[in-house]
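Shown next, in structure tokens, is the structure this report addresses.
The values are calculated or read from the model by the stated rules, or taken from the named source; none is laboratory data. Being a predicted model, the structure only gives us computed values, none of them experimental. Note that we place each Cβ from the backbone using ideal geometry, even for glycine, and neighbour counts take in every protein chain shown. Note: accessible area is taken over every heavy atom of the protein model, side chains too, but ligands, DNA and RNA are not part of it. Shrake-Rupley method; radii C 1.70, N 1.55, O 1.52, S 1.80 Å.
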Amino acid sequence: MESIYYVMCWACHRKCVHCYEERFRPYVRGALEAVVAEAERNFPRIVANLPARHTYVDTDDPRPDGTFPEKTGRIILSGGESLIDPVRERVTYRVIDALNARYAAQGGVRIVVQTTGDVLTDAIVDDLLARGVWMISVASVDDYHVGIAGEAKRAAFVARLTDLFERHGMRRSGLSATTRNWHEEAGPVYSFFGATDDSWIGKLWPRGRAWRNGLSKATLADNFCNRWSGGLNFLRHRYNGSEVSIEPDGSVYPCCIKTALPLGNLVDEPLIDILDSLAGEPAFEAITMGHPERMGVAHGWSEARFLDASRTLTPKGQRYQNLCIGCDRFHREVLGPVLEAARARRQAARAAAPAPAVPLAQGA
């Protein structure tokens, strides 16, 4: 697979008004322990159920002889804020170590740590680089993040972190975060992005606090599915362009935006089994092709009906129409039984599989 976006823990030190997920927020005392313990409990099984190799065949980069190269994929580790106490020590560092161990002899993996940048220190950068982190990506450079709103404050914030990164021998990424192949540089590198008009999240997804606060500017013309980090190509896990998103409980989705129902759960079963079980299902083939408006054609939902289902009112009473709304409704009304049937087929296949051979004891 080319890319996995793994949200390891819900804990964050911010509660940004534009955030796509209400669960990203500060937690204290028992509530903090609960979300950290969830992440700590689940990550070993999630990592164990990731693909055996984290590589992909890049059909966009053919060799002169017509064959295609196998390239190393990336795993983006995020939150919340993955570098706050106690998430950093109990979850993030341990996940990085587990990923390195899993893929060391399997072609490797490029690990990206996504952060607001607020809590970065020399010691934390040292810890990340010592673990072979390929990129530190600062995802907060926009006017929605309190304390760095305005051009002058953003420039000072970027300058301070640039100095921090470069004194540790890192260099700035030369590729845009909005392109698919930004992980093809030699590391370690750093990058900056945010919810700005020139980014793929600039219109803001109709999710979380962004939705509750009436901040999404997306229209029907903004097909989040048909772009990087949307559902585009998620089923083509052997090839370039494939990405899925994982939550702290192991739920897996075809996009960072997240569909109304998960595809399956990595605490219970392998990611590739889940994806392969959905290949050929018309609704998910429509998502992977970037045409969610055709999700329901095989289920009696015409494109016209889907577009009509994409209309709604925002929590502030404004008219709104976006394909994500239609996708949510179609999932809730139709796709529950489809996903359950796929899960049952996977369970049956595992039950029917022969048990692994047990080697004879020496001298038997």
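Inter-part distance, region 79-101 to region 243-305, computed on C-alpha centroids, equals 27 Å.
Rounded to the nearest 0.05, what FRET efficiency do residue 89 and residue 355 give with R0 = 41 Å and r taken as the Cβ-Cβ distance? Could you check?
Numbers: r = 39 Å, r/R0 = 0.94.
Rounded to the nearest 0.05, the efficiency is 0.60.
Protection proxy ranking of 84-95, 50-61, by the mean of other Cβ atoms within 10 Å over each peptide's residues and highest first, is 84-95, 50-61. As a calculated quantity, the FRET efficiency between residue 334 and residue 197 at R0 = 45 Å, using C-beta atoms, amounts to about 0.85.
For region 257-364, what % of the accessible area comes from carbon and sulfur atoms, probe 1.4 Å?
Taking all protein chains in place, region 257-364 shows 57 percent carbon and sulfur surface.
Let me have the relative contact order for region 1-156, percent, based on Cα pairs under 8 Å that are six or more residues apart.
Values: 242 pairs, mean separation 39.3, N = 156.
Normalised by residue count, the contact order of region 1-156 is 25 percent.
Each Cα pair under 8 Å and six or more residues apart adds its sequence gap; the mean of these over the residue count of the chain is a relative contact order of 18 percent. Only Lys, Arg, Asp and Glu carry charge here, each on its Cβ (+1 for the first two, -1 for the last two); on that basis the chain has a dipole of about 640 debye about its Cα centre. In the complete set of protein chains, residue-level accessible area for residue 127 is approximately 50 Å², probe 1.4 angstrom.
Among 272, 215, 190, which residue has its Cα furthest toward the positive end of the charge dipole of region 188-299, with +1 on Lys/Arg Cβ and -1 on Asp/Glu Cβ? Farthest along the dipole direction, towards plus: 215.
Could you do me a favour and compute the accessible area per residue for the chain, 1.4 Å probe, result in Å²? Write out the running numbers ahead of the final one.
Working: 15930 Å² over 364 residues.
In whole numbers, the chain has 44 Å² accessible per residue.
With R₀ fixed at 22 Å, the C-beta to C-beta distance from residue 172 to residue 57 puts the FRET efficiency at about 0.15. Ligands, DNA and RNA left out, the accessible area of region 197-251 computed with a 1.4 Å probe is 49% carbon and sulfur.
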